[in-house]
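The structure appears right after this line, and notes come after that.
The values are calculated or read from the model by the stated rules, or taken from the named source; none is laboratory data. Source: prediction; values computed, not measured. With ligands, DNA and RNA removed, areas are computed over all heavy atoms of the protein, side chains included. Shrake-Rupley method; radii C 1.70, N 1.55, O 1.52, S 1.80 Å.
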Amino acid sequence: MTPQARPSIDALNYAFHLTLRDDTDEIAGEAVIDVRFTQAGVREVRLDFVSTASRTDGKGMTVERVRAGEAALAFRHDGETLWVTLPEPSKAGEQRQIAIRYRGVPADGLHIGPNKY
């Protein structure tokens, strides 16, 4: 999950909190992203985030909610892109934290499967 090539946004830090289970390949997670805006007027943050709707194998993530602090943020999940709408345009140099709660079967990166144990 990364901000897509936008020179107006720097991703400063990512924290991932994952819940894994033995009885399913599904994970539940929350990603907390600290961003800094290098330009004023940014109204949306665009992130790479594969949705289940963009794949035929049932893998990918379903976003349950997006928030900044306690405030819910509007979002749309189009294919492999998550668009987060900011409640107010950014100011140059401003830092914000965005938290994304999601669940699903990883399409790539985290491989879950049986082992000899």
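Rolling a 1.4 Å probe over the protein heavy atoms leaves Leu73 with an accessible area of roughly 20 Å².
For Leu18 and Ala74 in one chain, what is 0.36 nm times their gap in residues minus the Cα-Cα distance, to one decimal in nm? Write down the numbers at each step before the final one.
On the way: separation 56, 0.36 × 56 = 20.16 nm, distance 2.27 nm.
Working it through step by step, the gained length comes to 17.9 nm.
Accessible surface for Glu44 stands near 50 Å², nearest 10, in the context of the full protein assembly shown (1.4 Å probe).
In sequence order, the range 22-35 has phi-based couplings of 7, 9, 7, 8, 6, 10, 10, x, 9, 10, 10, 10, 9, 10 Hz under the Karplus curve 6.51 cos²θ - 1.76 cosθ + 1.60, θ = phi - 60°, and Gly or Pro positions carry x.
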